[in-house]
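Novice: Next up is a structure, given as C-alpha cells.
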Amino acid sequence: MDAPPDLATRVADLEAYVRNGTPTNLISSGPGHNAWMMTSTALVLFMTLPGLALFYGGLVRRKNILSVMAQCFGCAGLVTILWWLCGYSLAFSRGSAVIGGLKLALLHGVTSAPNGDYAPWVSQNVFAMYQLMFAIITPALIIGAIAERMKYAAVMTFIALWMFVVYFPLAHMIWGVDGLMNGLANPTAAIKAIDFAGGTVVHMSSGWSALVLCLILGRRRGFARQAFLPHSVVLTTVGTGMLWVGWYGFNAGSALAADGIAANAFTATTLATAVAAAIWPGLEWMTRGKPTVIGFCSGAVAGLVVITPASGFVSPSGAVAIGVLAGIVPFLACTKLKAIFKYDDALDTFGVHGVGGTLGALLTGFFATPDVNPNLSINLGRLVGRTLWLEQLKAMGLTLALSIVATTVIGFALKATMGMRPSAEAEELGLDDSEHGEAGYHPEEAGGHSPSDAESLSNAVAMANARS
C-alpha cells in the first residue's frame, strides 16, 4: 500500500488546482473547474438549440422556418452519435499528426477522471461533452448558406461525410495534443499556429464549405428576381442574444478552467462583440441612411466570430481593435462581395463565418501576447510578436484547402447520386410542408388564413385599416 502524500505534496497540488497547473500526486477533477466546464458545455449547446435555430429561423421565409430548425436538431442528434462512435477519439486521442486513433471509440475509458493531455482538473467525460457541442454547431452553421433549398436527407448525409473528412481531422490537427498545427501544446508541430476557440476549426471550415456547397447547389428559385425577406426579425434578434450569451461558454470555456485566461477571454469576447455590433449598423447608417436591427445582429455575430480564435490571447485594447475590423470587413463581404459575384449565400454564412473566421485567424497572429496568456511563451516564445502571423497563414491555407476540396467532392457526389434539391414544386410550397409535413404557423387558428407571405402582409394591412 502506497504511503499517503506528505504535506508539501498536498499543498503543491492545492496550489496547482488554484493556478490550473498539473498536479504532482492528485488525479481527480477539481469541483470549481468542473462546474465551470459543465456550465460552458450547456452554454455552447444553447448556442445551437435554440440560439442558432432561432437566428436562422427568423431570417428565412415563414414556409421554411421548421426546415431550418429540423436541420439544427438533426445535426445535434447525428453528430452526437458520430462523436460517441469514434468522433471524439479521432479528434482527441493520440494518433498521427493528422488524425487521432480509435483508443477512445465508444467513449471507452472516458470517465470522470481527467485527461492530462488537455485539462488536468476537468473530468474527461465533461471535456468530451464540451467538445461535442463544438462539433454540433460547426456543421449547423453551414445550414445558413443552403437554407430553403436542400433536402433534409441530403443535408444529413452531407454532414455525416463532412464530419469525417473535414471536422475530425481539423480538430485533431489544431487542438489534438500531437496535432500538426497545434503550436501551443505540441512542440514538434509542423505548423506552429494557435486557435483558442475555433477560428479555423469551426468558422473557417464551416464558412468556406458553406460557400462551396451553395455554389454546387445553385441559387434559390426566384433569386435576384424577388426579395427574400426575413419573416421574423424578432426571432432573429432573440436568437442573436442567445448566441451572445452562449458564446461565453464557447470562448471563456475554451480555457478549460475557471482561471485568469478564461476571465480574459470573457472580457475580450464582450468588448469585440459590442464594438462590432455598433460598427455594422453605423456603416448602414452612413451608407443607407438608417441603422437596422438585422445590422445590429449581424455585427454582434461577426464580432463573436472574429474574436473567437484570439479571445484567450489578446488584451482588451486588442479586442477592441479586432471588434472594429469585425464590424467592417464582414459587412463589406455581405453587402459588396456578395453583390459583385451574385452567389446565393442565403443567410450570409460565408460572409460572416468564412470571411470573419479567416480574418480572426490572421489577426490572432498579430495581436496575441504572452502578457495575457503565458502559455504562449512555452513553445512559441520566438514567434509571438514576430512571425506568428506566418504560421497562422499556413494553418489558414491548409484549412481552406481541406474544406474546399472535401466539400467539392462530397457535394458533387451527393448531387450525382441522391440529389440535393427538392423539386421546383416542393421548393415553392416550402420545405416545412414538403420535407416535414408541418407548418410553423397556423394563421387560421387566429381567425385568418395566409397561404403566402404576400397575402399575409396584405391581410394584416387590411385588418389594421379596418380597426382604425
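All of the numbers you see were taken from the coordinates with simple rules; none came from a lab. It should be emphasised that the depicted structure is a prediction, and the values quoted were computed from it without experimental measurement. Here the Cβ is made from the backbone with ideal geometry for all residues, glycine too, and neighbour counts use every protein chain on show.
Novice: So which trypsin sites (Lys or Arg not before Pro) in region 20-99 are both in a DSSP loop and have at most 15 other Cβ atoms within 10 Å of their Cβ? Before the final figure, lay out each step's value.
Specialist: On the way: sites: Arg61, Arg62, Lys63, Arg94; in loops: Arg61, Arg94.
Of the trypsin sites (Lys or Arg not before Pro), the ones in loops of region 20-99 whose Cβ has at most 15 other Cβ atoms within 10 Å are Arg94.
Novice: Note down the relative contact order for region 30-424 as a percent, whole number, built from C-alpha pairs under 8 angstrom at least six residues apart. Before the final figure, lay out the partial values.
Specialist: Working: 804 pairs, mean separation 88.3, N = 395.
Across region 30-424, relative contact order equals 22 percent.
Novice: Quick one: net charge around Ser298, please, counting Lys, Arg +1 and Asp, Glu -1 for every other residue with C-beta under 10 Å from its C-beta.
Specialist: Summing Lys/Arg as +1 and Asp/Glu as -1 gives -2.
Novice: Mind checking the dipole of the chain: about its Cα centre, +1 per Lys or Arg Cβ, -1 per Asp or Glu Cβ, Debye to the nearest 20? Don't skip to the answer; put the middle values down first.
Specialist: Details: 25 positive and 26 negative charges, 223 e Å.
That gives a dipole near 1080 debye.
Novice: Rounded to the nearest 0.05, what FRET efficiency do Ala190 and Ala35 have when you use their Cβ-Cβ distance and R0 = 25 Å? Please report the intermediate quantities before stating the final value.
Specialist: On the way: r = 37 Å, r/R0 = 1.47.
Rounded to the nearest 0.05, the efficiency is 0.10.
Novice: Which shape class, rounded, prolate or oblate, goes with region 239-316 when its Cα gyration tensor gives a ≥ b ≥ c as root eigenvalues, a/c under 1.5 marks rounded, and past that a/b bigger than b/c marks prolate? Before the final figure, lay out the partial values.
Specialist: Values: a/c = 3.71, a/b = 2.26, b/c = 1.64.
Prolate is the answer for region 239-316, as a/c is 1.5 or above and a/b outweighs b/c.
Novice: Using a simple spin-label model with points 7 Å from Cα along the Cα→Cβ vector, what separation in nm is obtained for Val409 and Thr24?
Specialist: Going from the Val409 label point to the Thr24 one covers 5.1 nm.
Novice: Subtracting the Cα-Cα distance from 0.36 nm times the residue separation, let me have the gained length for Leu337 to Lys290 in nm, one decimal.
Specialist: Details: separation 47, 0.36 × 47 = 16.92 nm, distance 2.09 nm.
Length gained, Leu337 through Lys290: 14.8 nm.
Novice: So how many Å³ per residue does the convex hull of the Cα atoms of region 197-343 work out to? Walk me through the intermediate numbers first.
Specialist: Numbers: hull volume 16.6 nm³, N = 147.
With only Cα atoms used, region 197-343 gives 113 Å³ per residue.
Novice: Under the classification rounded if a/c is under 1.5, otherwise prolate if a/b is larger than b/c and oblate if not, where does region 233-282 fall, given a ≥ b ≥ c as square roots of the Cα gyration tensor eigenvalues? Please report the intermediate quantities before stating the final value.
Specialist: Values: a/c = 4.71, a/b = 1.70, b/c = 2.77.
It is oblate, given that a/c is not under 1.5 and a/b is not larger than b/c.
Novice: While we're here: Cβ neighbours within 10 Å, averaged per peptide: list 181-187, 66-72 in order, most packed at the top. Write down the numbers at each step before the final one.
Specialist: Working: 181-187: 21.7, 66-72: 24.9.
For the peptides 181-187, 66-72, the packing ranking is 66-72, 181-187.
Novice: Can you give the convex hull volume per residue for the Cα atoms of the chain, as a whole number of Å³? Don't skip to the answer; put the middle values down first.
Specialist: Numbers: hull volume 75.5 nm³, N = 468.
Per-residue hull volume (Cα only) is 161 Å³.
Novice: Classify region 164-233 as rounded, prolate or oblate, taking a ≥ b ≥ c as the square roots of the eigenvalues of its Cα gyration tensor: rounded when a/c is under 1.5, otherwise prolate if a/b is larger than b/c and oblate if not.
Specialist: It comes out prolate by the Cα gyration axes.
Novice: Computed over the Cα atoms, what is the radius of gyration of region 59-132 divided by 2.2 N^0.38 Å, N being its residue count?
Specialist: Values: Rg = 16.0 Å, N = 74, 2.2 N^0.38 = 11.3 Å.
Scaled against compact globular proteins, the figure is 1.41.
Novice: Hey, another quick one. Can you compute the helix-only [θ] at 222 nm over the chain? Use -39500 (n - 2.57) per DSSP H run of at least 4 residues, normalise by all residues, nearest 500 deg cm²/dmol. Walk me through the numbers on the way to the answer.
Specialist: Values: 20 runs with 268 residues, N = 468.
After summing the helix terms and dividing by residue count, I get -18500 deg cm²/dmol.
Novice: Among all helices in the chain defined by DSSP H, which have a length of 24 Å or more along the axis from Cα atoms plus a Kyte-Doolittle mean of at least -1.0?
Specialist: Numbers: long enough: 65-82 (26 Å, 2.02); 124-142 (29 Å, 1.37); 233-251 (26 Å, 0.99); 260-288 (42 Å, 0.78); 316-332 (25 Å, 1.89); 388-417 (44 Å, 1.25).
Helices meeting the criterion: 65-82, 124-142, 233-251, 260-288, 316-332, 388-417.
Novice: Give me the net charge of Lys342's neighbourhood, meaning all other residues with Cβ under 13 Å from the Cβ of Lys342; Lys, Arg count +1, Asp, Glu -1.
Specialist: The answer is +3.
Novice: Give the calculated FRET efficiency between Asn125 and Ser377 to the nearest 0.05, with a Förster radius of 25 Å applied to their Cβ-Cβ distance.
Specialist: Working: r = 31 Å, r/R0 = 1.25.
So the FRET efficiency works out to roughly 0.20.
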